[in-house]
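Some notes on the structure that comes next.
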Amino acid sequence: MTDRRTLRSAAALAVLVLAATGCSTKADTSSDRVGEDGVKMGPGVTGTTITLGALTDLSGVYASLGKSIVNAQQLWVEQTNKVGGICGRKVEIKVKDHGYDVQKGVAAFAEIEPDSAMLTQVIGSPVVAALKQEIAGKKILTLPLGWSSTLLGQNYIQVVGPTYDIDMINAVDFLTRKAGLAAGDRIGHVYFEGEYGENALAGAEYAAKQHGYGIVGQKIKATDTDLGAQVTALKQAGVKAILVSAGPKQSASLVGLAGAQGLTVPVVGSAPGFAPQLLDSAAAPALEKMFYLVSGYPAPSADTPRMRQLVQDYQAKYPGAPVDSGVVSGWVAAQVAAEALGNACTAKDLTREGIVAAHRSQKALNVLDVPLDFTDAAKPSAYGSFILKPAKSATGGLAVAEAAHEVAATRGYPLPRG
């Protein structure tokens, strides 16, 4: 239920968005400029360049993943330009750091949007949610590196892969088999307040209801790093398994403390909840024993030709840098952008409207062996989730425990709307 304070906060943020972006969402983003090659050109496009934008987190709770995402997309830019660019134009990405802060994200959008053809990443569902009105008004295709289903239904926003709640439905199915759960059992769920955690909780609660399980929720803030109180509460509740939808530090604290207190049950985290650096921490033994990750993308260690090539190229460009899930998600988003821009070029329309239309025509794009369907903005572009397992010896610190699969409940789930 929404209280008056929430409404006042939402109204204030809306005012901030409008102020930061020039007080209008009515700016004409169409263009009658036509290049010498006959291609219509919109914002961010000239006869020689295509400029893209990225709003990332290089200083906040997801800084390590943000750096990997940026690196992966810059690798794509370098490789693309070496073979002539897209539509005969060199590609570049302008990056702004918002530190996982909504207000900073709004300000960064205002700075970067006017000269961007599309946004190849916006980290954080809360940031994207705050920008929905402006993204629609500016008609700029935006690929959030956040997977909340409350971002669905927006023609100019594309969640790439399954949403957090869909992942959680698949995760509960995995826990049912892994922990031998039965009707009446309880599952703990530690989650961030806000779009990300609460969307994941919605999926977990739906799946639990289908099986007759109870969910013991523990809401935390992104600044909470000692989860001792939450572990104690879950142990007292007698949970047989735990879900966590938070950041890497929270996952490590939760699993490490649970192991220390004898709560040795399987723990499944949402995709943003792990970084390979955790395997150098004191929590590493507990993570390798108890923790799993649910993700719409395969692990960097997946033994497939496409993944092996990505890892090889990334390590050559960034020697010593971790090849984590951010590398994979950043690369996937870059490939989605490449497909949209390439198809828009074929249609000779690199306006923002042309790019979106080209993107929405994609029904079966396959990136790193993940099939994606972008034709219906109201539905997730994928419903299958991988189950990954921490392994210090594996590339990126993750191995594939189960290949991508979806359960029937994902299709019957009533997706939340933002």
request  = Test each condition in (1) at pLDDT 95 or above; (2) surrounded by fewer than 22 Cβ atoms within 10 Å (Cβ to Cβ); (3) more than 26 Å from Gln315 (Cβ to Cβ) for Leu58 and report the one that comes out false.
outcome  = (3)
inquiry  = Take Gln154 and tell me if it is within 28 Å of Val327 (Cα to Cα), in contact with a helix residue (DSSP H, G or I) (Cβ under 8 Å, 6 or more places away or on another chain) and either basic (Lys, Arg) or open to solvent by 10 Å² or more (accessible area, probe 1.4 Å) (or both).
reply    = yes
query = Of the residues in region 133-148, how many are modelled with pLDDT under 95 and in a helix (DSSP H, G or I)?
reply = 0
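With Ala258, Ala321 as the choices, which residue is open to solvent by 20 Å² or more (accessible area, probe 1.4 Å) and hydrophobic (A, V, I, L, M, F, W, C)?
Details: Ala258 fails: open to solvent by 20 Å² or more (accessible area, probe 1.4 Å).
Going through Ala258, Ala321 in turn, just one is open to solvent by 20 Å² or more (accessible area, probe 1.4 Å) and hydrophobic (A, V, I, L, M, F, W, C): Ala321.
Yes/no per residue for (1) closer than 18 Å to Val323 by Cα; (2) charged (D, E, K, R):
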{"residue": "Thr51", "(1), (2)": "no, no"}
{"residue": "Ser64", "(1), (2)": "yes, no"}
{"residue": "Ser68", "(1), (2)": "yes, no"}
{"residue": "Trp76", "(1), (2)": "yes, no"}
{"residue": "Thr80", "(1), (2)": "no, no"}
{"residue": "Ile86", "(1), (2)": "no, no"}
{"residue": "Arg89", "(1), (2)": "no, yes"}
{"residue": "Asp97", "(1), (2)": "no, yes"}
inquiry  = Return the pair list, or none, for Cβ contacts closer than 8 Å from residues in region 66-77 that are under 10 Å from Tyr314 (Cβ atoms) and of a type in the set (S, T, N, Q) to residues that are open to solvent by less than 10 Å² (accessible area, probe 1.4 Å) and assigned to a helix (DSSP H, G or I), at least 6 apart or on different chains.
reply    = Ser68/Gly326; Ser68/Val327; Ser68/Gly330; Asn71/Tyr314; Asn71/Val327; Asn71/Gly330
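Being under 19 Å from the mean Cα position of the chain (by Cα) and either small (Gly, Ala, Ser) or over 15 Å from Leu58 (Cβ atoms) (or both) is the requirement here; does Ala110 meet it? Outline the logic, then answer.
Details: under 19 Å from the mean Cα position of the chain (by Cα): no; either small (Gly, Ala, Ser) or over 15 Å from Leu58 (Cβ atoms) (or both): yes.
No.
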ask   = Just one of Leu75, Leu52, Leu13, Leu18 is part of a helix (DSSP H, G or I), on the phi < 0 side of the Ramachandran plot and at pLDDT 95 or above; which is it?
value = Leu75
key: Subset of region 388-407 (residues that are farther than 14 Å from Pro322 by Cβ and crowded, with 24+ Cβ neighbours inside 10 Å)   = Leu388
note = Of the residues in region 332-355, those that are farther than 20 Å from Val77 by Cβ and crowded, with 22+ Cβ neighbours inside 10 Å come to Thr351, Gly354
query = Could you say whether any residue in region 109-125 is in a helix (DSSP H, G or I), open to solvent by 10 Å² or more (accessible area, probe 1.4 Å) and either aromatic (Phe, Trp, Tyr) or touching a Phe, Trp or Tyr at 6+ places or on another chain (Cβ under 6 Å) (or both)?
reply = no
remark   = The condition from (1) surrounded by fewer than 24 Cβ atoms within 10 Å (Cβ to Cβ); (2) closer than 22 Å to Gly53 by Cβ that Gly326 misses is numbered (1)
remark   = Within region 208-240, of all residues that are more than 21 Å from the chain's Cα centre (by Cα), of a type outside the set (Asp, Glu) and open to solvent by 60 Å² or more (accessible area, probe 1.4 Å), the one nearest to Val265 (Cα to Cα) is Lys240
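If a residue has to be open to solvent by less than 40 Å² (accessible area, probe 1.4 Å) and in a strand (DSSP E or B) to count, how many in region 160-194 make the cut? Before the answer, list the steps.
Just the residues of region 160-194 that are open to solvent by less than 40 Å² (accessible area, probe 1.4 Å), to begin with: 160-176, 179, 181, 185, 187-192, 194.
From the residues that got through so far, the ones that are in a strand (DSSP E or B) too are 187-192.
Going through region 160-194 one residue at a time, the tally reaches 6.
Being β-branched (Val, Ile, Thr) and within 19 Å of Leu75 (Cα to Cα) is the filter here, so list the residues in region 293-321 that pass it.
Quick first cut of region 293-321, residues β-branched (Val, Ile, Thr) only: 294, 304, 311.
Across region 293-321, the qualifying residue is only Val311.
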key: Residue count for region 359-418, restricted to those that are on the phi < 0 side of the Ramachandran plot and assigned to a loop (DSSP other than H, G, I, E, B)   = 29
query = Which condition number in (1) crowded, with 17+ Cβ neighbours inside 10 Å; (2) closer than 24 Å to Lys249 by Cβ; (3) at pLDDT 95 or above is the one that Lys289 fails?
reply = (1)
ask   = Among the residues of region 195-207 satisfying the criterion of being in contact (Cβ under 8 Å) with a residue 24 or more places away in the chain and in contact with a Lys or Arg (Cβ under 9 Å, 6 or more places away or on another chain), which is least open to solvent (accessible area, probe 1.4 Å)?
value = Gly197
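Might you let me know whether region 93-105 holds any residue that is open to solvent by less than 10 Å² (accessible area, probe 1.4 Å) and without any contact (Cβ under 8 Å) to a residue 60 or more places away in the chain?
As a first pass, look at region 93-105 and keep what is open to solvent by less than 10 Å² (accessible area, probe 1.4 Å): 98, 105.
Checking which are without any contact (Cβ under 8 Å) to a residue 60 or more places away in the chain leaves us with 98, 105.
Yes, region 93-105 has at least one match.
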note = By residue number, the members of region 299-316 that are loosely packed, with under 14 Cβ neighbours inside 10 Å and either among the acidic types (Asp, Glu) or touching an Asp or Glu at 6+ places or on another chain (Cβ under 8 Å) (or both) are Asp303, Thr304
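The values are calculated or read from the model by the stated rules, or taken from the named source; none is laboratory data. All values reported here derive from a predicted model rather than from experimental measurement. No Cβ is skipped: glycine too gets one built from the backbone with ideal geometry, and neighbour counts run over all protein chains shown. Protein only, heavy atoms only, side chains kept; ligands, DNA and RNA dropped before computing areas. Shrake-Rupley method; radii C 1.70, N 1.55, O 1.52, S 1.80 Å.
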